[in-house]
1. Quick one: order 65, 6 by neighbouring beta-carbon count within 10 Å, fewest to most.
2. Taking the DSSP beta bridges in the chain as the whole, what percent of them are antiparallel, to the nearest 5?
3. How large is Rg/Rh for the stretch 251-343, to two decimals, with Cα atoms and a Kirkwood Rh?
4. Would you order 70, 197 from fewest to most other beta-carbon atoms within 10 Å of each residue's own beta-carbon?
5. So how do 314-321, 118-125, 12-19 stack up, highest first, on mean other-Cβ count within 10 Å?
6. Counting other beta carbons within 10 Å of each Cβ, put 199, 127 in order, fewest first.
7. Considering every pair of different Cα atoms, what Kirkwood radius, in Å, is found for the stretch 29-73?
8. Give me the mean projected area, in nm² to one decimal, of the convex hull enclosing the Cα positions of the chain.
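Read the figures in this text as sums done on the coordinates, not as results from a lab. What you see is a predicted model, and the numbers here were worked out from it, not measured in a lab. Neighbour counts are summed over all protein chains in view; Cβ atoms, including those assigned to glycine, are modelled from backbone coordinates with ideal geometry.
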Ligand SMILES: *Cc1c(COP(=O)(O)O)cnc(C)c1O
């Protein structure tokens with residue numbers, strides 16, 4: 001099976017399984033798990049932050065970050081295609097009483113600086129106070145686009161001017177750093193907090209981290225406990241995360257090349273709309289015209305290929321490249337598309 005539905009489908013490597021089995025562990029709620037501490041130190045170093053906190057999922061990492069920056073009745077500004085807005089069950093409002101104000105995302109995942117500035121509330125008896133801007137890098141639903149350090153710096157300057165904080169949903173922040181050929185800290189130094197995922201593309205089975213100042217992480221630790229994310233001998237999971245950060249970042253380049261290669265070849269087929277020049281990382285969306293989406297998926301599945309349909313009416317599909325899809329398998333996918341086209 002060639003699974004292109006997400007980069008979360010990777011299995012842990014042999015070395016991860018071994019490290020997990022042999023990890024030295026303790027009770028992490030008491031902050032006595034040495035392997036969790038090692039992972040947190042490593043993540044803080046890489047992102048250039050004072051501290052980090054290991055959490056079970058990216059969704060929880062984003063939630064507790066927003067809870068740590070904001071109180072009930074505060075407002076956050078975020079993109080209308082952001083993961084926090086679309087795919088996190090409305091947790092910030094349901095659990096935090098925090099008001100999300102969405103602004104349109106551009107195709108490259110940015111939000112216009114002008115709209116951001118206009119979106120910041122002035123003190124007024126009718127308005128919730130704006131506290132936080134949330135960015136996403138890479139931007140999942142904007143073709144996996146990386147946000148540049150320049151753009152992020154401009155947002156930071158705006159946030160400073162108005163006394164706001166910035167949280168970065170960096171589920172795939174290492175994909176951004178690799179695509180831009182810069183150290184990840186050149187992106188994370190523009191924000192107050194960042195959430196990054198170990199289980200997206202980096203092949204760890206479970207886990208994310210939130211990184212920021214020591215004060216922020218202390219608040220986040222308490223918020224994590226509140227939402228049930230305090231874990232005990234979590235070093236067994238953190239052990240895989242250490243390998244993810246040390247050994248699986250540089251190879252993301254291959255996934256990016258494979259995504260571009262796939263986009264280039266399928267764009268030549270009649271009725272497939274995808275712009276290779278917009279593919280910068282491991283995610284590509286394409287639009288299918290004149291072909292029933294579900295029939296197309298069925299044909300692919302018959303050939304042992306799985307991809308995701310994200311909009312059945314519009315015929316929009318997402319393919320995500322990762323460690324377990326080789327260049328040869330990408331060739332197989334292209335050949336399969338061609339043979340489906342030939343029979344159309
Ligand atoms: C997957 C993802 C998350 C959430 O991570 P989970 O571990 O699935 O909860 C957050 N943000 C983005 C951009 C993602 O792609």
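1. On the way: 65 32, 6 19.
So the residues, fewest neighbours to most, are 6, 65.
2. DSSP beta bridges in the chain are roughly 55 percent antiparallel.
3. On the way: Rg = 12.3 Å, Rh = 13.2 Å.
My calculation puts Rg/Rh at 0.93.
4. Values: 70 23, 197 27.
Ordered from fewest to most neighbouring Cβ atoms within 10 Å, 70, 197 come out as 70, 197.
5. Values: 314-321: 21.8, 118-125: 10.6, 12-19: 15.8.
In decreasing order of mean packing, 314-321, 118-125, 12-19 become 314-321, 12-19, 118-125.
6. Values: 199 25, 127 11.
Going from least to most buried by this count: 127, 199.
7. On the way: mean 1/r = 0.0845 Å⁻¹.
Averaging 1/r across every pair of different Cα atoms and inverting gives 11.8 Å.
8. Numbers: hull surface 69.7 nm².
Value for the chain: 17.4 nm².
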